[in-house]
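Encoded as structure tokens, the structure appears first; notes follow it.
The values are calculated or read from the model by the stated rules, or taken from the named source; none is laboratory data. Remember, it's a predicted structure, so these values are computed and weren't measured experimentally. Note that each Cβ is placed from the backbone with ideal geometry, even for glycine, and that neighbours are counted across all protein chains shown.
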Ligand code: AVJ
């Protein structure tokens, strides 16, 4: 029989929303304003991101998908029972490719646990996967995967961390996050992580300044999410999308620049927040790694690189860590 459960505990959810509000206020009150990139992914933001992944300029998704298609067999083929856990699952296109490579190997049990703090995206992928893979058992967890304390108890577990999401974290945060994951992994578990690589600056900058301006809409939508969470009245067209490669830090930075003086008021704020014309709200860092930087990160986190795969252009990498 098909067993699919989604554990959504409303109490926990309320707690998460409170935490998110605090985080937002902290960033908007800081001397250099910022909004964490996890706030991109409300319902519309997740939809915009799906569109981004299909843009000709946005190479990371195409590259990573081609690696999963070409090497899925080698990565997922040997086990008879597979317990897949996906961190920041988002839409289900990549895990579908993994499941296809597993299916073609006639593996008997496959459980899938998407972990994401967007309930809507977990529900959506669950519905889609149930249709394409009726035998699949899906047990989603709605939580912030940066604060994971435990993983589902089945083993061995394959933890998928796709999409170069790790690139969103500052080096010290990335290290802390991977150390935490490593600490809750058991012997025999593996971590499959996608990381975007350093390359020609013009290719990088085009990927974040697409001609259809979907990335611009995605960037500005973070303000709508902020309006929803904080009951604020920010008008997104008052901001300009700005994305560029910061070579010193080896990362794409996305900012929103105020086109005029702006005052933000919210029932959750003691005092209005003032934004001056030209001032920036930093919304995202997307770090690009070299092979050396990946090795160093793995080493610091006590993880071993078992295998590393590239796409044809060597623009993206998929790494198996134990
Ligand atoms: C999903 C975080 C990896 O950094 O490339 C896409 C998000 N931002 N376009 C990235 C994103 C702008 C993406 N990650």
Residue 79 meets each of (1) surrounded by 15 or more Cβ atoms within 10 Å (Cβ to Cβ); (2) within 16 Å of the ligand (Cβ to nearest atom); (3) not in a helix (DSSP H, G or I) with one exception, condition (2)
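Here's the yes/no breakdown for (1) within 15 Å of the ligand (Cβ to nearest atom); (2) surrounded by 20 or more Cβ atoms within 10 Å (Cβ to Cβ); (3) touching a residue at least 12 places away in the same chain (Cβ under 8 Å):
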| residue | (1), (2), (3) |
| --- | --- |
| 57 | yes, no, yes |
| 61 | yes, yes, yes |
| 75 | no, yes, yes |
| 84 | no, yes, yes |
| 100 | no, no, yes |
| 106 | no, no, no |
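Being in a strand (DSSP E or B) and away from the ligand (no atom under 13 Å from the Cβ) is the filter; apply it to region 247-268 and report the residue that is surrounded by the fewest Cβ atoms within 10 Å (Cβ to Cβ).
Selected residue: 263.
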Note on residue 48: of the conditions (1) modelled with pLDDT of 95 or more; (2) in a loop (DSSP other than H, G, I, E, B), unmet is (2)
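This table checks each residue for (1) at pLDDT 90 or above; (2) over 17 Å from residue 189 (Cα atoms).
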{"site": "95", "(1), (2)": "yes, yes"}
{"site": "136", "(1), (2)": "yes, yes"}
{"site": "146", "(1), (2)": "no, yes"}
{"site": "151", "(1), (2)": "no, no"}
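Here is a check on your reading of the model: is residue 107 in a loop (DSSP other than H, G, I, E, B) and either farther than 20 Å from residue 75 by Cβ or more than 16 Å from the chain's Cα centre (by Cα) (or both)? If you could, list the steps in order and put the result at the bottom.
Details: in a loop (DSSP other than H, G, I, E, B): yes; either farther than 20 Å from residue 75 by Cβ or more than 16 Å from the chain's Cα centre (by Cα) (or both): yes.
So residue 107 fits the description; yes.
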Within region 110-140, of all residues that are part of a strand (DSSP E or B) and within 15 Å of the chain's Cα centre (by Cα), the one farthest from residue 81 (Cα to Cα) is 116
task: Report yes if some residue within region 151-166 is part of a helix (DSSP H, G or I), within 16 Å of the ligand (Cβ to nearest atom) and over 30 Å from residue 17 (Cα atoms); otherwise report no.
output: no
The lone condition residue 32 fails out of (1) in contact with a strand residue (DSSP E or B) (Cβ under 8 Å, 6 or more places away or on another chain); (2) in a helix (DSSP H, G or I); (3) more than 16 Å from the ligand (Cβ to nearest atom); (4) at pLDDT 95 or above is (2)
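When you go through 215, 232 one by one, which is the residue that is away from the ligand (no atom under 16 Å from the Cβ), surrounded by 14 or more Cβ atoms within 10 Å (Cβ to Cβ), outside any strand (DSSP E or B) and modelled with pLDDT of 95 or more? Even if it seems obvious, please write down each step before you answer.
Numbers: 215 fails: away from the ligand (no atom under 16 Å from the Cβ).
On inspection, the qualifying residue turns out to be 232.
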